[in-house]
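The values are calculated or read from the model by the stated rules, or taken from the named source; none is laboratory data. Quantities reported herein were computed from a predicted structural model and do not represent experimental measurements. Positions of Cβ are generated from backbone atoms using ideal geometry, with glycine treated the same way; all protein chains shown enter the neighbour counts.
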Amino acid sequence: MINSSVTDIPRAFTWKGDHLLLLDQTRLPLHQEWLRLENLEEVCEAIKMLRVRGAPAIGVAAAYGAALEIRRIYGAEPANAALNADRWLHRFRQITATLRSTRPTAVNLFHCMDRMDRIAGEIALDWKDQFEPIRAAERMEEEAIAIHSEDENLCSAIGGFGSTLIPDGASVLTHCNTGSLATGGIGTALGAIYTAHLQGKRLSVFADETRPLLQGGRITAWELFEAGIPVRLITDSMAASVMARGEVDLILVGADRIASNGDTANKIGTMPLAVLARHFGVPFYVVAPTTTLDPSMDSGATIEIEERDPDEVRKFQGNFSAPPEVEVFNPAFDVTPGDLISGIVTEKGIHRPPYDFRALMAQGQPK
Ligand code: MRU
């Protein structure tokens, strides 16, 4: 199937009112299996196992998870004296705390949970005298839907700015998956590529396979192929060779957390691309919404890097590809120094080094 408009692109999930219908990304590209998630436990499992992944998508899915769970627990209860606002709020914050513990690096998750907690706190205070759990659950659902819809708009705006960096005929290299399956909209780095394609620009993409979980091969290559955008899959270690051959005009990647000075945590294997880009004189851009900025961090040094199951490295397609007992180091992300980044594209425009996102962040996160 060749898609010709952004409305046709695959979506990570759809909100169904009483459940979240989620595409299991671990099964791609061979199987398109949709999961019906109805409670906190199922949403947490989906995030931990990377059935849904990508910083913005994790945040949106978690917001829906919080809304689902609070309604599952109290949503059918009419106002009653036993369930006061404080007890409801305490329970809601336990739910968001559980969601926060699923994955540590992508900051969007924490921003979304902060926002859901803030709204929950406001309604618990405002409605204290006559607290209605049904109405409270509806309000939390509304907020999750708003987060989703805002992320969709952020992606479109980023796509517009990002596409200006892509000349007609360009060859773009990307890493991991930053497309519609990683966000609530058309994507970030891949969103810029989709937008340029829809503008009629001819372009081609090198997709890094992205060891060890192959988000590039399984998801990015699939998304681009479905969209009819020419894509060539390479293993991560081939990036230097294609750059040395002069076959890459620019590199576009996403982000999981960006510190004030532009240091950027993204999928493991991103930093070597930035180093190579500097060596070969290839522009290297990070494309992400301001919801991926972390105002609390001066530099990337304090970003917590998730370490995942050693078997992700020791095994390939379920079989050991290394001695079963061998020690493994499996960080899921690395941090690219801001001074190796030619520009950071957000929905507000293209920011150039030296970065100082404090002023921008002082204007507030979107909502
Ligand atoms: O471990 P993942 O698949 O969640 O990692 C995803 C990435 O690193 C993406 O590049 C990043 O989240 C940006 S998604 C728009």
Output the number of residues of the stretch 291-313 satisfying the condition of being at pLDDT below 95 and either within 13 Å of I268 (Cα to Cα) or surrounded by 14 or more Cβ atoms within 10 Å (Cβ to Cβ) (or both). 1
Pairs only if they're at least six apart or on different chains, beta carbon under 9 angstrom, first in the stretch 318-332 and closer than 25 Å to I305 by Cα, second aromatic (F, W, Y) and at pLDDT below 95; list them, first residue then second. A322/F316
If you take the residues in the stretch 33-54 that are among the acidic types (D, E) and touching a helix residue (DSSP H, G or I) at 6+ places or on another chain (Cβ under 7 Å), which one is surrounded by the most Cβ atoms within 10 Å (Cβ to Cβ)? E38
If I filter the stretch 91-150 down to residues being touching a strand residue (DSSP E or B) at 6+ places or on another chain (Cβ under 8 Å) and in a helix (DSSP H, G or I), which single residue comes out as farthest from A66 (Cα to Cα)? V107
Against the condition buried (at least 23 other Cβ atoms within 10 Å of the Cβ) and either within 16 Å of the ligand (Cβ to nearest atom) or not in a helix (DSSP H, G or I) (or both), how does I251 come out, does it pass? yes
Would you mention how many residues in the stretch 240-265 are over 23 Å from the mean Cα position of the chain (by Cα) and of a type in the set (G, A, S)? 4
Being modelled with pLDDT under 95 and in the same structural domain as L173 (by TED's automatic domain parsing), is that true of even one residue in the stretch 250-260? no
From N319, N330, which residue is within 16 Å of the ligand (Cβ to nearest atom), surrounded by fewer than 18 Cβ atoms within 10 Å (Cβ to Cβ) and not acidic (D, E)? N330
Given the residues R100, R115, R93, which is the only one that is within 16 Å of the ligand (Cβ to nearest atom) and of a type outside the set (D, E)? R100
